[in-house]
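Enquirer: The structure that follows is given in the form of structure tokens.
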Amino acid sequence: MPRQPRGALIPALETNFDGDSPLHRQIYGRIRTAVLTGALPAGAKLPSSRMLASDIGVSRNTIEEAYGHLETEGFLVRRTGSGSFVSDTLLHARRVRGGMSSPTGRRAVSSRGKTMGAQRACIEPLTARPFVGIPAVEAFPLETWHRLIAKRARELTHENLLYGHPAGHPDLRQAIATYLCAARGVHCDANQVLVLSSSQQGLDLAARVLIDPGDDVWMEEPGYHGARAALQACGARTVPVNVDEHGLDVEEGKRIAPTARLAYVTPSHHYPLGITMSLERRLALLEWARRSGSWILEDDYDSEYRYCGRPLSSIQGLDTSERVIYIGTFTKVMFPSLRLAYIVVPRDLMETFVNARTQIDGHAAPFFQSVLADFMNEGHFGTHVRRMRSLYSARRDVFIEAAQRELGDMMTMGPTDGGLHAMGFLRFGNDRDAAARAGARDIHVQPLSRFYAGGHPRSGLVMGYAGLSPAVIRSALRTLGRAIRSA
């Protein structure tokens, strides 16, 4: 008697099975894929479990288990005396080969969704290739960190496995307040500190709380695109205000948008130009905010690293009207994967900010907040900052010397008094073309023109050097020079 034809299913199963998962799961997966891709059409009859087991050399129980799973999930219908069939309910919900069927009709997102989807605000580098802006994580004191983790782990109780307070771990909030008062001249107590997962979350939270759609917001020009994206996503009309050698031009801001709701600034170390805002400009900004009832969003992202004199005090420390929201992060001073940052909020706004935060993600992970609190309270944080300041200062010196040798005829360096990156202004050529040629040689530099929202951008390259050894800095600058000259 001739053997019954195998049908469409059998060739799909006539391949080697691997040893990583049970056979019934592999058979189930291949039949399911055949159904979803259309290789097995709706209503198609499958071979009996006995026949399929014989054809592919497995036990009948294995096939029965696979068929039973497919039936439970609705892919198959099994009829006593008739056999097993592909469910008809999949006829109109089938995937086509190579992906989902093309959507029909208008698939609209919200205005906020369009704004957010049009910008890539915070895509961070995953490796330390030149010249991405990451800290020197190889110099972090891991042994100390391991010891503190182990200590907190031993003290862990079942109660510690519950939710954390939305404002943050009390020990860490107190440690942050103590540090900011001593090192940054911030006037605050622990009750004004809100612990977050990133400075980007702080920008988003402040924008949600303080901005209404259509409000004018002063934005440094050039300026940090992550801040611009967060503000625009909340409906703000960002107004580019020129940054000169003294920082944000307050008089220009007052002239073009006198009733702006908020001003975003990076006064201690402007990003990306590296300029420090003068005291005169800081006081003028505070006076404008006081008179207009506006807010100042002070992003103090890497102020710990100043190589000429002591780090400058914050604008918040000069504020007598409580118009400043201060944002800081541990991403640069500790390590990026820690995912901890903070904002300091005026007392009368703290409850509003905390409640708003609960609508975003609830709280940061309490365990690592407690470990970081120990790291700060035992003095390791201060020691680490001093060590890293010395390391980065030395790497900055190497960068400046090598940049002058390799790029001096093509580039003028901006201020390098602090921070983890340097700004080089091109004497000729297009910075986006230069960045693309560098990228082809595995050198990552950011074109300065991308930080401008208005016209007439300056041409330059933003280069992070802190996470690179002296040998890598010299070699990468040599490669960058060849890339720029190849135009």
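Enquirer: If one computes P(r) from the Cα atoms of the chain, what percent of pairs lie at distances over 40 Å? Could the numbers behind the result be given before it?
Expert: Numbers: 48411 of 118341 pairs.
In whole percent, the share of Cα-Cα pairs in the chain beyond 40 Å is 41.
Enquirer: Still on this structure: Between Ser111 and Thr37, 0.36 nm times their residue separation minus their Cα-Cα distance comes to what?
Expert: 23.2 nm
Enquirer: What distance in nm separates the simple spin-label points at Glu71 and Arg290, each placed 7 Å from Cα in the Cβ direction?
Expert: Reported label-point gap for Glu71 and Arg290 is 8.0 nm.
Enquirer: Stretch Tyr163-Asn355 to full length: gain in nm at 0.36 nm per residue minus the Cα-Cα span?
Expert: 67.6 nm
Enquirer: Could I ask something else about it? Could you calculate the FRET efficiency of Phe17 with Gln404 from 1/(1 + (r/R0)^6), where r is the beta carbon distance between them and R0 is 56 Å, rounded to 0.05?
Expert: Approximately 0.35, to the nearest 0.05.
Enquirer: Oh, and also: What percent does the relative contact order of segment 243-339 come to when contacts are Cα pairs within less than 8 Å and at least six residues apart?
Expert: 26 percent
Enquirer: Let me ask something else. Counting only helical runs of four or more DSSP H residues, what would the 222 nm mean residue ellipticity of the chain come to if each run contributes -39,500 (n - 2.57) and the total is spread over all its residues? Intermediate results must be reported in sequence, preceding the final value.
Expert: Working: 16 runs with 187 residues, N = 487.
Using -39500 (n - 2.57) per qualifying helix, the result is -12000 deg cm²/dmol.
Enquirer: Provide the net charge surrounding Arg152, with neighbours chosen by a C-beta distance below 13 Å and charges set as Lys +1, Arg +1, Asp -1, Glu -1.
Expert: Charge balance in the 13 Å sphere: -1.
Enquirer: Could you work out the Kirkwood radius for segment 9-90, taking every pair of different alpha carbons, averaging 1/r and inverting it, reported in Å?
Expert: It is 12.7 Å.
Enquirer: Looking at segment 163-378 from every direction and averaging, what is the projected area of its Cα convex hull in nm²?
Expert: Taking a quarter of the hull surface, the average projection is 11.0 nm².
Enquirer: Between Rg and the Kirkwood Rh of segment 380-438, both from Cα atoms, what is the Rg to Rh ratio?
Expert: Numbers: Rg = 14.5 Å, Rh = 13.1 Å.
Rounded to two decimals, Rg/Rh equals 1.10.
Enquirer: Please compute the Cα-Cα pair-distance distribution of segment 161-264 with 5 Å bins starting at 0, giving whole percents from short to long.
Expert: 2, 12, 17, 16, 16, 16, 13, 5, 2, 1, 0
Enquirer: Grab the other residues whose beta carbon is less than 11 angstrom from that of Glu406, score K and R as +1, D and E as -1, and report the net.
Expert: +3
Enquirer: Continuing with this model, one more query. From Cα pairs below 8 angstrom and at least 6 apart in sequence, can you work out the relative contact order of the chain, rounded to a whole percent?
Expert: 16 percent
Enquirer: While we're on this one: Enumerate the helices in the chain for which the Kyte-Doolittle hydropathy averages 0.0 or more and the C-alpha atoms extend at least 27 Å along the helix's axis, using complete DSSP H runs.
Expert: Details: long enough: 380-407 (38 Å, -0.64).
Flagged H segments: there are none.
Enquirer: Note down, for segment 383-485, the three equivalent ellipsoid semi-axes (square root of 5 times each alpha carbon gyration tensor eigenvalue), biggest first, whole angstrom. Don't skip to the answer; put the middle values down first.
Expert: Details: eigenvalues 109, 51, 28 Å².
So the three semi-axes of segment 383-485 are 23, 16, 12 Å.
Enquirer: Using only Cα atoms, locate the centre of segment 15-52 and the centre of segment 297-366, then give the distance between them in Å, rounded to an integer.
Expert: The two parts, judged by their Cα centres, are 55 Å apart.
Enquirer: On to the next question. What is the local net charge at Ala289, summed over the other residues whose Cβ is closer than 12 Å to its Cβ (Lys, Arg +1; Asp, Glu -1)?
Expert: +2
FYI, it's all coordinate maths here, none of it is from the lab. For clarity, every value in this text was computed on a predicted model and none was experimentally measured. FYI the Cβ positions are ideal-geometry reconstructions off the backbone, even for glycines, and counts take in every protein chain you see.
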